[in-house]
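The values are calculated or read from the model by the stated rules, or taken from the named source; none is laboratory data. The structure displayed is predicted, hence computed values, not measured ones. Cβ coordinates were reconstructed from backbone atoms using ideal geometry, including for glycine residues, and neighbour counts include every protein chain displayed. Ligands, DNA and RNA are excluded from the accessible area calculation, which covers all protein heavy atoms including side chains. Shrake-Rupley method; radii C 1.70, N 1.55, O 1.52, S 1.80 Å.
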Amino acid sequence: MAKKSPITLYGISQSTCTQRVIATLTEKGLSFTLQSIDFFGGEHKTPKYLQDKHPFGVIPVLIDENGFKVYESRAICRYLEMKYKGKGTELIPTKDPKAQGLFEQAASTEISYFDPYASGIVAERVLKKMKGQGEADEAKVASHKAELNKSLDVYEKILSQQPYLAGEKFTLADLFHLPYGTWLVKIGEGDLFESRPHVKDWWTRITSRISWKTAQAME
């Protein structure tokens, strides 16, 4: 009988936030079990799930080998990096306060200037149809895209000076962009990256990582 992995991730492989954690687990070289949630059947909204897993009723949730539970994908990724610091890729620099400060700066950039607009476009173009909520509001899409273009113009300047958002090394700040950025490419918005040479090179580097290919390939 195969030994069960000590780390359990509750979610679904198609979920952007679940994929973010899978990529982090893979970067850290950690063995884990993906426990699928009946998302479309509403399991994440049941009283038991709300009580035992995530009080806001979303995915993913991670239960570590010591039984410790943590939810919210970025928090999970940060926890994994801190808990398993000596394993795999270092995803948050902690030895140098300046390097760590630059990482936090880059991580804040993703959540402030990329995610709201990228996720907003995907919500309109993809999630609405999946939920049976009708067609995309193209005015909203255009507004999100205009803001994202402004942000990526700044990214282009940053990435003309360094290969990754926090400096010379790949970090969680880069990884956090992967799920929604990949969706943008899937729905025909790849020119957001392709039209900016330094952003394009950065995007090629981070999407080529084995960890992201692994997350994409999981069923």
Of residues in segment 108-140 being open to solvent by 30 Å² or more (accessible area, probe 1.4 Å) and aliphatic (A, V, I, L, M), the one farthest from residue 20 (Cα to Cα): 139
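Table: residues versus (1) farther than 18 Å from residue 30 by Cα; (2) outside the structural domain of residue 30 (by the TED database); (3) modelled with pLDDT of 95 or more; (4) under 19 Å from the mean Cα position of the chain (by Cα).
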{"position": "72", "(1), (2), (3), (4)": "yes, no, yes, yes"}
{"position": "115", "(1), (2), (3), (4)": "yes, yes, yes, yes"}
{"position": "132", "(1), (2), (3), (4)": "yes, yes, no, no"}
{"position": "135", "(1), (2), (3), (4)": "yes, yes, no, no"}
Cross-chain or 6+ apart pairs with Cβ under 7 Å, segment 80-92 first and among the aromatic types (Phe, Trp, Tyr), then surrounded by 17 or more Cβ atoms within 10 Å (Cβ to Cβ): 84/28; 84/30
Some residue of segment 158-173 being assigned to a helix (DSSP H, G or I) and not hydrophobic (A, V, I, L, M, F, W, C): no
Residue 101 assigned to a loop (DSSP other than H, G, I, E, B), surrounded by fewer than 18 Cβ atoms within 10 Å (Cβ to Cβ) and without any contact (Cβ under 8 Å) to a residue 12 or more places away in the chain: no
Scope segment 46-70; condition of a type outside the set (A, V, I, L, M) and within 16 Å of the chain's Cα centre (by Cα); matching residues: 60
